[in-house]
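**Student:** I am attaching a structure below and will ask some questions about it afterwards.
Each reported figure results from applying straightforward, stated rules to the coordinates on display, with no laboratory input. These figures come from a predicted structure and were not determined experimentally. Note: ideal-geometry Cβ built from the backbone for every residue, glycine included; neighbour counts use all protein chains shown.
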Amino acid sequence: MDGNYGYNTSNQNTMAENNLLQQAIAAVRAGRELGARDMFLQIVEEYPQNELAWMWLIDLLDDLDDRIYACEQVLAINARNLNARHLLVRLQAEKLQQVEEQRIRADEQARYIRELVKERKLESALELARTLAQSNINHADVWRFLAQLSPDADEKIRSLEKLLELKPDDIQVKRDLQRLKHFQQNPMELAEMYEEQGNFEQAISVYGQVAANTKSKRQWNMIYWRIVKLENLLQENIARIPPSISVARLTGGPALLYLLLMLIQTGINPFAHPEPFLWFGFLLVLFGGFMIALASVRSRHRLWFILFKNVGGSGAPGARMLVASAGWCFVLLPHVMLVMIAYQRLVDSIRWISP
């Protein structure tokens, strides 16, 4: 009895499937294509192995990807269906052509954004980049421009995440994304970075946001005086010295002092009395001066990330102290050697003069 009941149920399902299929085909022939499409979708949802329903859907679906999917379903059910195979080849060719046309249009739009940036029409470039991003365009340059031009940190992060999906091996994008997320969680460092770069208005804006969210009176007072200082700098229109110039200036100081002492030591003519180790000491002093300058100037530098994995790029206090200490060692050691050589020459001169 159970066997007969199962057979009757299976037979009823087949009849219901055939009735739905006939109704859907009749709807197509009557010109009611939208209704027919819904009926065929109902059939394949309830009876996913219905090859004929999938075949009808190939012509009724609007989206090219959906039509390709319907062809693949037909071939999964019946790999010998030649009509579905020929349709799949044609639709895939259309898809490739569509992708190529989209790529060409995206390249043109990206070039136009680049031209707008060169002409300093940054607002127009940002608006176009946002419009293209909203259309879910898969073009790396568009998302890169959006990340560079957008003043909003959240939008920058979303753009870099999308760019990373398109270029998963781009190390610089990974670093930029990591740095942005770090600054989003540490807004004080972001404000200090803007201040360091001379972007006083942005620094004031970020300081104001931090002050509005802080519960510490001490921090609020500190931020207040920083904002006052930056506002005064804006009013006085004081010329900003880039961090790179400050680093170069501080780097050259110890090296110049050592060079002068070395020239005195060699009789103002280093070529007449070549001392290779003295020139090697000059290189050590130059490198040490750079390390001291790097630790003194709060500028972002790749060295902080490479050596200490400091995401902010300006160096943690402990790392800065370590770099400064090593720099002073490099600077002082050649100077000490120079003094010792001068002392030894003085002793030799006294011995030579004395009877």
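**Student:** Classify the chain as rounded, prolate or oblate, taking a ≥ b ≥ c as the square roots of the eigenvalues of its Cα gyration tensor: rounded when a/c is under 1.5, otherwise prolate if a/b is larger than b/c and oblate if not. Provide the component values of the computation, followed by the final result.
**Tutor:** Working: a/c = 3.47, a/b = 2.75, b/c = 1.26.
Prolate, because a/c is 1.5 or more and a/b exceeds b/c.
**Student:** Name the lysines eligible as straight-distance cross-link partners of Lys181: C-alpha to C-alpha under 27 Å, and not fewer than 8 places from it in the same chain.
**Tutor:** Lys156, Lys162, Lys167, Lys215, Lys217, Lys309
**Student:** GNM, the chain, Cα, under 10 Å: largest mean-square fluctuation among Phe145, Phe287, Phe40?
**Tutor:** Phe40
**Student:** Please identify, among Ile157, Ile245, Ile227, the residue showing maximal mean-square fluctuation in a Gaussian network model of the chain using a 10 angstrom Cα cutoff.
**Tutor:** Ile245
**Student:** For the chain, list the DSSP H helices whose alpha carbon atoms reach 24 Å or more along the long axis and whose average Kyte-Doolittle value is -0.5 or above?
**Tutor:** Working: long enough: 2-29 (41 Å, -0.83); 82-118 (54 Å, -0.80); 217-236 (28 Å, -0.72); 243-265 (34 Å, 1.29); 276-296 (30 Å, 2.03); 317-353 (53 Å, 1.06).
Helices meeting the span and hydropathy rule in the chain are 243-265, 276-296, 317-353.
**Student:** Sum up the charges of everything whose Cβ sits under 11 Å from the Cβ of Thr266, counting Lys and Arg as +1 and Asp and Glu as -1, but leave Thr266 out.
**Tutor:** Working: positive: Arg345; negative: Glu275.
The answer is 0.
**Student:** Set the Förster distance to 22 Å, then compute FRET efficiency between Leu41 and Asn136 from the Cβ-Cβ distance, nearest 0.05. Intermediate values should be presented prior to the final figure.
**Tutor:** On the way: r = 24 Å, r/R0 = 1.10.
Plugging the Cβ-Cβ distance into 1/(1 + (r/R0)^6) gives 0.35.
**Student:** Run the reach check for Lys174 against aspartates and glutamates, Cα to Cα strictly under 19 Å, same-chain hits fewer than 8 apart removed. What comes back?
**Tutor:** Cα-Cα hits under 19 Å: Asp141, Asp152, Asp154, Glu155, Glu161, Glu165.
**Student:** Work out how much length Met15 to Ser246 would gain on full extension: take 0.36 nm times their residue separation and subtract the Cα-Cα distance, in nm to one decimal. Present the calculation step by step, with values, prior to reporting the outcome.
**Tutor:** On the way: separation 231, 0.36 × 231 = 83.16 nm, distance 8.53 nm.
Roughly 74.6 nm would be gained on extension.
**Student:** Additional query: Rounded to the nearest 0.05, what FRET efficiency do Gln23 and Leu96 have when you use their Cβ-Cβ distance and R0 = 35 Å? Please list the in-between numbers first.
**Tutor:** On the way: r = 36 Å, r/R0 = 1.04.
Step by step, r from the Cβ atoms, then E = 0.45.
**Student:** For region 161-262, state which trypsin sites (Lys or Arg not before Pro) are in a DSSP loop and have at most 11 other beta carbons lying within 10 Å of their beta carbon. Each step should come with its number before you reach the end.
**Tutor:** Details: sites: Lys162, Lys174, Arg175, Arg179, Lys181, Lys215, Lys217, Arg218, Arg226, Lys229, Arg240, Arg249; in loops: Lys215, Arg240.
Within region 161-262, the qualifying trypsin sites (Lys or Arg not before Pro) (loop, at most 11 other Cβ atoms within 10 Å) are Lys215.
**Student:** Cut-off 10 angstrom, C-alpha nodes, Gaussian network model of the chain. Which of Asp170, Asp154, Asp38 fluctuates the most?
**Tutor:** For the chain, modelled as a Gaussian network with Cα springs under 10 Å, the answer is Asp38.
**Student:** Oh, and also: Using alpha-carbon positions, what is the distance between the centroids of region 24-75 and region 177-236, in Å?
**Tutor:** First find each Cα centre; the distance between them is then 59 Å.
**Student:** Can you tell me the length gained on complete extension of the stretch Lys215 to Leu34, counting 0.36 nm per residue apart and subtracting the Cα distance?
**Tutor:** Values: separation 181, 0.36 × 181 = 65.16 nm, distance 6.01 nm.
Result: 59.1 nm gained on full extension.
**Student:** Apply 1/(1 + (r/R0)^6) to the Cβ-Cβ distance of Arg103 and Tyr69, taking R0 = 25 Å, and write down the FRET efficiency to the nearest 0.05. Could the numbers behind the result be given before it?
**Tutor:** Working: r = 22 Å, r/R0 = 0.89.
Computed FRET efficiency for Arg103 and Tyr69: 0.65.
**Student:** Subtract the Cα-Cα distance of Leu82 and Glu161 from 0.36 nm times their separation in residues, and report this length gain in nm to one decimal. Intermediate values should be presented prior to the final figure.
**Tutor:** Working: separation 79, 0.36 × 79 = 28.44 nm, distance 4.23 nm.
Stretched fully, the Leu82-Glu161 segment lengthens by 24.2 nm.
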